[in-house]
Amino acid sequence: MTDVDGALVRAENVHKWFGQNEVLKGVSLHVGRGEVLSIIGPSGSGKSTFLRCINQLETYQKGRIHVGGELIGFEDRGGRLVPLPNRRIVAQRRNIGMVFQQFNLFWHMTVLENIIEAPMLVLGQRRVEAEATAMALLERVGLSEKAHAYPMKLSGGQQQRAAIARALAMKPDLMLFDEPTSALDPETTGEVLNVIADLARSGMTMIVVTHEMAFARQVSDRVVLMEDGKVDCEADPETFFRDQPSARLKAFLATIH
Amino acid sequence: MGFDWPFFWSRLTDPGDLYMIALGRTVLMAVLAMLLGLVIGVLVGFGRLSKFAPIRAVCAFYVWLIRGIPVLVLLVLFFSGLAAAGFFRFSDITLFGITMSASFQAAVLGLAIHEGAYMAEIVRNGIQAVQRGQIEAAKSLGMGTFQLTRRIILPQATRVIVPPLGNDFNHLLKTTSLASVIGVQEIFQLTESMSATTFKTFELLIVVSITYLALTTVWNVIQGLIEARLRRHERDEQPTTLFAKIGYYLWPRGDAAMERR
């Protein structure tokens with residue numbers, strides 16, 4: 001399910017417009033299987049939009065995104081891109097997990113119900129099977145005792161860990177994190193970052209949009225700076241943060257320190 | 001002259017079979033119109049948000065038209081107007097041994113079509129109140145449109161829809177009295193015909209008022225139980241006893257009223 005060169009995600013020259021406003025101006029990136037890629041950059045640089053294009057929460061208008069060798073959202077008919085029917089897009093999303101800035105747990109369901117919902121509904125798992133997986137995942141993110149609580153009774157950090165467990169229950173090939181700690185208190189940020197770091201060490205392929213520079217440096221295999229709808233530079237974390245290989249990166253890192 | 005207390009008490013404590021049958025008719029009319037109206041309301045409410053423009057237009061037209069016509073006019077139009085023009089004439093139907101009169105059918109249909117227009121707006125608002133993030137999360141988990149509508153949008157919209165819907169049903173319980181005009185023998189029509197023979201108009205109208213009040217009171221309690229169930233995820237200590245659940249609805253705490261979810 002990977003490209004010939006081993007990439008799980010391959011984006012080429014991706015463009016996206018919101019009306020007249022061009023937010024992605026030709027993004028090209030690749031992520032190898034088992035690799036952790038962090039995307040940093042100022043707000044409005046298009047990093048979240050790019051992430052959302054990967055699982056078709058947004059539709060890109062030009063270029064190509066392949067995940068596992070499969071073209072996302074379109075069918076290539078002799079070089080012309082034809083949008084896939086919704087049913088096919090829905091199927092493509094199954095292998096891609098996503099964690100949101102605002103957690104987005106289903107508030108009318110308990111934590112356990114949140115986690116078993118999609119495996120039962122989408123994958124057709126039996127309840128016992130789905131619950132066993134869910135309890136194991138809750139153990140992994142340290143929330144076993146909150147299985148029967150409703151989301152609004154949890155702290156932000158607990159909600160985000162539950163949301164990570166919910167995404168993992170679908171056994172995705174790829175996990176997307178859209179600023180997973182931006183809505184959290186500093187005290188609870190750490191517990192969520194630990195869970196994500198654990199997941200990275202387990203070999204999960206991940207793309208993380210983040211403002212946590214220390215985290216990006218420790219956990220990533222590669223870091224990318226996006227600015228103004230384009231990839232400005234990318235490098236391994238040591239080179240990236242030590243040598244700061246572009247003027248824009250130097251300027252960006254200077255603004256946040 | 002004056003208020004005939006003995007007559008009033010006897011009517012109130014022992015209304016008679018005829019009155020009880022009429023009461024049953026009132027309740028049945030309200031329940032059937034509500035259920036039918038709910039079906040219309042859900043279809044039209046979703047239709048108002050359809051991706052397909054002609055569906056949106058038809059649904060918007062329905063809401064606009066029906067909300068602009070008095071219920072009373074609508075009922076007479078259905079029962080007498082259609083028949084007078086020769087388009088359609090309601091006739092008695094016997095189902096499972098129960099005969100539904102022509103006027104009863106016209107009343108249920110008229111009330112349902114009227115209610116449906118109001119419910120469509122309530123349903124539309126409920127759907128639009130579902131946060132975008134909830135839908136995106138469902139999509140990201142691989143749910144299709146039908147799955148996420150059934151499992152995420154409908155339950156969450158229900159939480160928003162039920163209070164105004166209960167309010168509407170309360171209203172509908174009393175609006176059934178308008179069906180007297182087309183000859184449905186419900187409690188108000190019976191009251192009117194009885195007062196024509198006994199001349200105890202005032203006493204009988206007080207009795208029928210108390211009857212409507214009793215109906216809406218019972219409904220209040222039922223609505224309280226439904227809402228307590230729908231809000232079970234919203235508070236730490238759940239109301240457990242029947243009385244506590246009703247009280248939770250009737251007298252919401254200040255802080256509970258403030259917090260959204």
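Just a few scattered comments:
- Search result, residues across segment B:18-52 that are open to solvent by 70 Å² or more (accessible area, probe 1.4 Å) and within 18 Å of residue B:128 (Cβ to Cβ): B:43, B:51, B:52
- Among residues of segment B:133-145, those that are modelled with pLDDT of 95 or more and open to solvent by 30 Å² or more (accessible area, probe 1.4 Å), counted: 2
- In segment A:48-87, the residues that are among the small types (Gly, Ala, Ser), closer than 12 Å to residue A:9 by Cα and assigned to a strand (DSSP E or B): none
- Note on segment B:53-70: residues that are in contact with an Asp or Glu (Cβ under 9 Å, 6 or more places away or on another chain) and open to solvent by 50 Å² or more (accessible area, probe 1.4 Å) amount to 1.
- Meets criteria (in a helix (DSSP H, G or I) and among the hydrophobic types (A, V, I, L, M, F, W, C)) for residue B:55: yes
- Answer residue from segment B:181-234, given it is part of a loop (DSSP other than H, G, I, E, B) and closer than 25 Å to residue B:106 by Cβ and is most open to solvent (accessible area, probe 1.4 Å) among those: B:185
- Residues in segment B:66-77 that are assigned to a helix (DSSP H, G or I) and in contact (Cβ under 8 Å) with a residue 40 or more places away in the chain were compared, and the one that is nearest to the chain's Cα centre (by Cα) is B:71.
- Residue within segment A:104-116 that is in contact (Cβ under 8 Å) with a residue 24 or more places away in the chain, within 13 Å of chain B (Cβ to nearest Cβ), within 17 Å of the chain's Cα centre (by Cα) and open to solvent by less than 70 Å² (accessible area, probe 1.4 Å) present: yes
- Test for residue A:45: is it part of a loop (DSSP other than H, G, I, E, B), closer than 23 Å to residue A:235 by Cβ and open to solvent by less than 10 Å² (accessible area, probe 1.4 Å): yes
- Scanning segment A:16-42 for residues that are on the phi < 0 side of the Ramachandran plot and either among the aromatic types (Phe, Trp, Tyr) or not in a strand (DSSP E or B) (or both) yields A:17, A:18, A:20, A:33, A:35, A:42.
- Only listed residue being under 26 Å from residue A:213 (Cα atoms) and of a type in the set (Lys, Arg), chosen from A:64, A:80, A:33: A:33
- Among the residues making up segment B:80-123, those that are open to solvent by less than 60 Å² (accessible area, probe 1.4 Å), of a type outside the set (Ser, Thr, Tyr), assigned to a helix (DSSP H, G or I) and more than 22 Å from residue B:166 (Cα to Cα) are B:81, B:82, B:83, B:102, B:104, B:105, B:106.
- Subset of segment B:1-51 [farther than 21 Å from residue B:180 by Cβ, touching a residue at least 12 places away in the same chain (Cβ under 8 Å) and in a loop (DSSP other than H, G, I, E, B)]: B:3, B:4, B:48, B:49
So that you can scan it fast, the table gives a plain yes or no per residue for (1) under 24 Å from residue B:142 (Cβ atoms); (2) in contact (Cβ under 8 Å) with a residue 40 or more places away in the chain; (3) open to solvent by less than 20 Å² (accessible area, probe 1.4 Å):
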site: A:17; (1), (2), (3): no, yes, no
site: A:27; (1), (2), (3): no, yes, yes
site: A:35; (1), (2), (3): yes, yes, no
site: A:61; (1), (2), (3): yes, yes, no
site: A:65; (1), (2), (3): yes, yes, yes
site: A:68; (1), (2), (3): yes, yes, yes
site: A:84; (1), (2), (3): yes, no, yes
site: A:90; (1), (2), (3): yes, no, yes
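- Members of segment A:151-161 found to be touching a Lys or Arg at 6+ places or on another chain (Cβ under 8 Å) and either buried (at least 17 other Cβ atoms within 10 Å of the Cβ) or away from chain B (no Cβ under 12 Å) (or both), listed by number: A:154, A:158
- Looking only at residues of segment A:117-133 that are open to solvent by 30 Å² or more (accessible area, probe 1.4 Å) and within 11 Å of chain B (Cβ to nearest Cβ), we find that the one that is nearest to residue B:146 (Cα to Cα) is A:121.
- Among all residues of segment A:194-209, there is at least one that is at pLDDT 95 or above, within 27 Å of residue A:242 (Cβ to Cβ), in contact with a Ser or Thr (Cβ under 7 Å, 6 or more places away or on another chain) and not acidic (Asp, Glu).
Condition check ((1) surrounded by 22 or more Cβ atoms within 10 Å (Cβ to Cβ); (2) among the hydroxyl-bearing types (Ser, Thr, Tyr); (3) in a helix (DSSP H, G or I); (4) within 14 Å of chain B (Cβ to nearest Cβ)) across all residues:
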| position | (1), (2), (3), (4) |
| --- | --- |
| A:135 | no, no, yes, no |
| A:149 | no, no, no, yes |
| A:163 | yes, no, yes, yes |
| A:183 | no, no, no, yes |
| A:190 | no, no, yes, no |
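- Residue list for segment B:128-174, filter: within 9 Å of chain A (Cβ to nearest Cβ) and either among the aromatic types (Phe, Trp, Tyr) or touching an Asp or Glu at 6+ places or on another chain (Cβ under 7 Å) (or both): B:151
- Count of residues meeting criterion [over 22 Å from residue A:175 (Cβ atoms) and within 14 Å of chain B (Cβ to nearest Cβ)] in segment A:44-82: 0
- Selection count, segment A:92-103, where residues are assigned to a helix (DSSP H, G or I) and more than 7 Å from chain B (Cβ to nearest Cβ): 1
- Filtered residue count, segment A:165-181, keeping only those that are part of a helix (DSSP H, G or I) and among the aliphatic types (A, V, I, L, M): 3
The values are calculated or read from the model by the stated rules, or taken from the named source; none is laboratory data. Only a predicted model underlies this, so the values are computations on that prediction, with no experimental measurement involved. All Cβ positions, glycine included, derive from the backbone under ideal geometry; neighbour counts span all protein chains shown. Note: accessible area is taken over every heavy atom of the protein model, side chains too, but ligands, DNA and RNA are not part of it. Shrake-Rupley method; radii C 1.70, N 1.55, O 1.52, S 1.80 Å.
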